[in-house]
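Q: Structure provided below as structure tokens; questions to follow.
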Protein chains: 2
Amino acid sequence: MEAKKNTVEKICEMQTALDILGGKWTFLIIYALLDGKKRFKELERAVTGINTRMLVKELKNLEDHQILTRTAFATVPPTVEYSLTDKGRDLEATMKYLYKWTKDWM
Amino acid sequence: MEAKKNTVEKICEMQTALDILGGKWTFLIIYALLDGKKRFKELERAVTGINTRMLVKELKNLEDHQILTRTAFATVPPTVEYSLTDKGRDLEATMKYLYKWTKDWM
DNA sequence: CCGCATCCAGGATGATACTG
DNA sequence: CAGTATCATCCTGGATGCGG
């Protein structure tokens, strides 16, 4: 028989995840990347209201945690593409249900 | 044929939801209440690391948005119970997948 | 013009002490 | 027990600068 985890233990585990995902813009950035890779500027336009500084910061955070990958091209003007890793894409179900809730209740 | 919403529009919708749910502790509080109503002190113990001030604030925020209900009893010492509304309980699927992701990747 | 780094002011958060 | 009040600290937002 398995030792079933109680709520407190589960919350502690989710806390480590929310340390990464819990930023004000994190979910929206990931959601924006679900339908494919995007450039920095595209993300800035997609995530309405975010500012450059926070976008840089969140992207770096998500890259550090292997949720997305950054690819830079030495073009003029510079081109940087961001796309989700498997780990990041695995949040699709969570996002889908969060969006469903939004439509149902907001 | 329906006018299919694009990503930007969906993000804007989700933004209103995340204004409510996006707090640092919000998801954890809701998760703690998924298995039934809890008293203030029980929540404080369940959500490890939170402090009184933030718990009060988040609970008020979630109550204002009809995600949970607050019931006070005029006992000594005072008793206050918090429990999810239908709106709040509808986040269960989102939470479940978020926890699954946590277990899979953290 | 794009992708970012830096600087500064205001708001959010955390720790602690106190009340009914 | 269930909060309030207070203050130090961290984080966010907006403006600006700069190399490529």
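The values are calculated or read from the model by the stated rules, or taken from the named source; none is laboratory data. Please read all numbers here as calculations on a predicted model, not as lab measurements. Every residue, glycine as well, gets a Cβ built from its backbone with ideal geometry; the counts of neighbours run over all protein chains shown.
Q: Within region B:30-55, work out how many residues are within 13 Å of DNA strand C (Cβ to nearest atom) and in contact with a helix residue (DSSP H, G or I) (Cβ under 8 Å, 6 or more places away or on another chain).
A: Number satisfying all stated conditions: 8.
Q: Can you pull out every residue in region A:18-39 that is touching a Phe, Trp or Tyr at 6+ places or on another chain (Cβ under 7 Å), outside any loop (DSSP other than H, G, I, E, B) and closer than 18 Å to A:L84 by Cβ? Working first, answer last.
A: Within region A:18-39, the first condition is being touching a Phe, Trp or Tyr at 6+ places or on another chain (Cβ under 7 Å), and the residues that meet it are A:18, A:21, A:33, A:37-38.
Still in the running and outside any loop (DSSP other than H, G, I, E, B): A:18, A:21, A:33, A:38.
Selection gives A:L21, A:L33, A:K38.
Q: Given the conditions (1) more than 13 Å from DNA strand C (Cβ to nearest atom); (2) closer than 21 Å to B:M14 by Cβ; (3) at pLDDT 95 or above, report the number of the one that A:Q66 does not fulfil.
A: Result: A:Q66 passes all but (2).
Q: Checking A:T85 against (1) within 13 Å of chain B (Cβ to nearest Cβ); (2) within 10 Å of DNA strand D (Cβ to nearest atom), which single condition isn't satisfied?
A: (2)
Q: Return the only residue of A:A32, A:A17, A:A46 being within 9 Å of chain B (Cβ to nearest Cβ), surrounded by 13 or more Cβ atoms within 10 Å (Cβ to Cβ), free of Cβ contacts under 8 Å to residues at least 40 places away in the same chain and more than 22 Å from B:F27 (Cβ to Cβ).
A: Numbers: A:A32 fails: more than 22 Å from B:F27 (Cβ to Cβ); A:A17 fails: more than 22 Å from B:F27 (Cβ to Cβ).
The conditions single out A:A46.
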